[in-house]
Each structure stands twice: as structure tokens, then as C-alpha cells.
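Single-structure report; data block below.
The values are calculated or read from the model by the stated rules, or taken from the named source; none is laboratory data. Just so it is clear, the structure is predicted and the values come from calculations on it, not from any experiment. Glycine also receives a Cβ, built like all others from the backbone with ideal geometry; neighbour counts cover every protein chain displayed.
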Amino acid sequence: MPLVNQSTPAPSLILVLEPHLVGPRRNRIRQRLEELGLAVRVVPGGVQEYLEATGDALPALSLAPDGWPGVVRVISFATEYPHAAHGTGDLPTVAASVVEFGPPEQRVSVGGGHFALMAGPCAIETPARALQLAQAVRAAGAQAFRGGAYKPRTSPYAFQGLAESGLEILAEVRARTGLPIVTEVLDTADIAQVAEIADLLQVGSRNMQNYALLKQLARVRKPVLLKRGYASTVRELLLAAEYLLCGGNHQVILCERGLRSAAGEEGVVLDLGVIPALRRCTHLPVVVDPSHGSARSDRVPALARAAVAAGADGLLIEVHDDPLQALSDGRQALTPEAFRQLAREVDAVRRALRPE
Ligand code: PEP
Ligand code: MN
């Protein structure tokens, strides 16, 4: 005899009720679930009853039923992020997504077995330096040039980026090198302007939960690189991605860039365990930024190799020809020579791990 009756739909939620919860209180909870569109069955227990709910659990889940009076615990078989999820429960399993960006002749693919190396200075400083760095990283094997025109800085006295003129320099770099451009958009007011130049729009760690920005980027026809907030959980990252996906932008790349931690010698710890963790629950590509994830140039190559070995779909690396002169993040910038070496090592790790 089959263990599960195939004609009975699987529950999407189980609410464990407080022991000895009497009829009217239990019924109010049941009624609330029914108002939210779920079919509910009371499962009798010894001292404790359970409510088994069937149907679309999202409306109920969004109201945090684990905090409802009389509810001890909620077991959910439904996902909170149906667009980002791999396909669990009654959702179909989704293959790994490939996100593509850049002009047709220099198309970059990330995810589903495609790997991309993206590199450049933290901030765009001068036209000559940007071009020289772009040529250097391209020669070393980078497929995209990253550089900030709008920089989120801790201090208002620190260099804030060249803004519009930085974007013009990026456009010139792309015209001269053919490299697709990855650059950050900080503010909803700048989206149109940045999206005109950027091939891949970066949302920085500080803005991962800027929902006004995410809602507007959901309507932009350019892919988004969403960096994990440096104090954010995987769930929060996936829900932030969901804002983009459910709003209509399906081209989303996730980026692990390290978490703030007093336990880390440099105040940051790169969490590579997040790569397999994300693989388990999402089809979205996952890249790693070992530059911000280590905050020190001498740590970047080891963490880059480790990220690739852990299955990253790409890397974001900060490079500067004269880190002492850099206007931001010089401490973590690799020189072009060091980047060349890193690119060779990354390639070797990938070849070593590639199935025959
Ligand atoms: C950056 O990429 O230069 C940057 C500021 O990164 P994060 O948002 O991860 O701090
Ligand atoms: Mn930086």
C-alpha cells in the first residue's frame, strides 16, 4: 500500500499550536488561514493540535504566522521566493540560469557552466588610467571591466566618484576595448543615466535592501549584479533578488562579498559556504568578490582560488596600477601583474576541476 495517498494534495504549511489551545482560539487561527486562501485541516494530537494547510502559502507566509498568538511553530513546504527558487514542492525544477551581458561581439555569459572574470579599479579616476587598466585586465583574460563612477563611501569626505564624467570615461573604455562595463548604480535618480552606459548594473552591499532601488531596477532591461549585504542572511539576499525577478527583471547575478565581523582580522570574512548553500536553493548564478571580501591585496589570490574551487560562476577583482595613488580601496587592489598571475591560477583551478 502506498504511504502517501496520491489524491490528497501535499500540505504547504503546518502550524504547530500551543498545547491545550481551546476551540475558539484554534478556530480563529484556522479562519485566518482560510481567509488567506488556504484549505485547512485540524490534525489532532495528544496535548497539541496541528493545522495542516494546503494551497498557495505565500500570502500567509508574508504575514509571519510563526508570530501569531497561539502558534508555536510553522513548518513551511513552500518557498518565500518562488522566482529565485530552484523549484521545490509544487514548483517545477528550474535549470541553472545563464545571465548574458555586453554587446553581441563581446557577449559575456555567467552561470550554468559559464564563468566570467570581471576586473578593474574600485573607482574610475582618470580617462588614461581607466583605459590602461582595461587594456591590462583584458590582456590578462578578464571578460568585463568593472569600475565605479558613483561610489558609496563610509566618509562624506572620501572620494565619491566622478559621477557623470566617470560614466563618460566608461563609455569611452568600452568603445576602445570592446569590454562590457560593470558599474554601480547608487540612487534611483541615476538609473536611466547609469543603465545607458552599464552592461551589468551593480547594486552594492549597502543597497541590497534598498527596495525602492530594486523595484525600479526590476523594470530596467539590463542585468543586475546584486551584492550580498555585509550583514545580510542568505534568505534576505534571495528575497532582495525576488524584488528584481517578480518585478520583471530575470537577469540577476548574486555576489558574495564577505560579511563584517569583529572576528575577522580585517573586519570582514568571506563566506564561501554560501556558494553551495545558494546552489541548493536558487538557479541564479553566484559570483564572488574576494577584494572586498578580504580587504587586503595579499589575501585576494588565495580567496579567489578558493571561490573558484567552491564553484563560483565568476569573480570580481579590483585592480590598480599604483595602489598607493588609488582614490579608494588601494589596500585591496591587485597590480596588473598580480592580476595576470591570479587569472592564470584561476584558469588552472578551473581546468583541474573540470570533468573529463
Ligand atoms: C565596490 O564594488 O567597489 C563596492 C563598494 O563593493 P561593496 O558594495 O561590496 O562594498
Ligand atoms: Mn571598492
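Brief remarks follow.
- Criterion (without any contact (Cβ under 8 Å) to a residue 24 or more places away in the chain and either surrounded by 15 or more Cβ atoms within 10 Å (Cβ to Cβ) or more than 15 Å from ligand 2 (Cβ to nearest atom) (or both)) met by exactly one of Arg340, Arg351, Arg299: Arg351
- All conditions but one from (1) within 16 Å of ligand 2 (Cβ to nearest atom); (2) closer than 18 Å to Asn207 by Cα; (3) surrounded by fewer than 21 Cβ atoms within 10 Å (Cβ to Cβ) apply to Glu266; the one that does not is (2).
- Top-ranked residue of the range 280-289 - restricted to ones that are at pLDDT 95 or above and farther than 17 Å from Ala304 by Cα, ranked as surrounded by the fewest Cβ atoms within 10 Å (Cβ to Cβ): His283
- One residue stands out in the range 304-337 among those that are of a type in the set (D, E, K, R) and closer than 22 Å to Glu266 by Cα: the one that is surrounded by the most Cβ atoms within 10 Å (Cβ to Cβ), namely Glu318.
- Whether a residue is among the small types (Gly, Ala, Ser), touching a helix residue (DSSP H, G or I) at 6+ places or on another chain (Cβ under 6 Å) and within 16 Å of ligand 1 (Cβ to nearest atom) was assessed, and Gly311 does not pass this test.
- Filtered by the rule that a residue be within 16 Å of ligand 1 (Cβ to nearest atom) and hydroxyl-bearing (Ser, Thr, Tyr), the range 317-356 gives a lone residue, Ser328.
- Output for the range 249-279, where each listed residue is under 21 Å from Gly112 (Cβ atoms) and assigned to a loop (DSSP other than H, G, I, E, B): Asn249, His250, Gln251, Leu272
- Pairs with Cβ under 7 Å, 6+ apart, first in the range 84-99 and under 16 Å from Pro276 (Cβ atoms) and at pLDDT below 90, second among the polar types (S, T, N, Q) and not in a loop (DSSP other than H, G, I, E, B): His86/Thr282
- Test: residue in the range 228-247 that is under 26 Å from Ala306 (Cα atoms) and modelled with pLDDT under 95: no
- So Val40, is it surrounded by 15 or more Cβ atoms within 10 Å (Cβ to Cβ) and within 27 Å of Leu237 (Cβ to Cβ): no
- Some residue of the range 320-327 being within 16 Å of ligand 2 (Cβ to nearest atom) and of a type in the set (D, E, K, R): yes
- Flag for Val308 being over 20 Å from Ala348 (Cα atoms) and modelled with pLDDT of 95 or more: no
- Test: residue in the range 129-139 that is within 16 Å of ligand 2 (Cβ to nearest atom), surrounded by 14 or more Cβ atoms within 10 Å (Cβ to Cβ), within 17 Å of Leu316 (Cα to Cα) and free of Cβ contacts under 8 Å to residues at least 40 places away in the same chain: no
- Considering the range 135-211, there are no qualifying strands (runs of 3 or more DSSP E) wholly inside with 3 or more residues that are more than 26 Å from Ala241 (Cα to Cα) and either at pLDDT 95 or above or within 20 Å of the chain's Cα centre (by Cα) (or both).
- Sole residue being under 18 Å from Ala149 (Cβ atoms) and within 14 Å of ligand 1 (Cβ to nearest atom), chosen from Leu179, Leu225: Leu225
- Among the residues of the range 226-237, the ones that are touching a helix residue (DSSP H, G or I) at 6+ places or on another chain (Cβ under 7 Å) and not in a loop (DSSP other than H, G, I, E, B) come to 3 in all.
- Which listed residue, of Gln160, Gln193, is free of Cβ contacts under 8 Å to residues at least 12 places away in the same chain and either of a type outside the set (D, E, K, R) or under 23 Å from Ser328 (Cα atoms) (or both): Gln160
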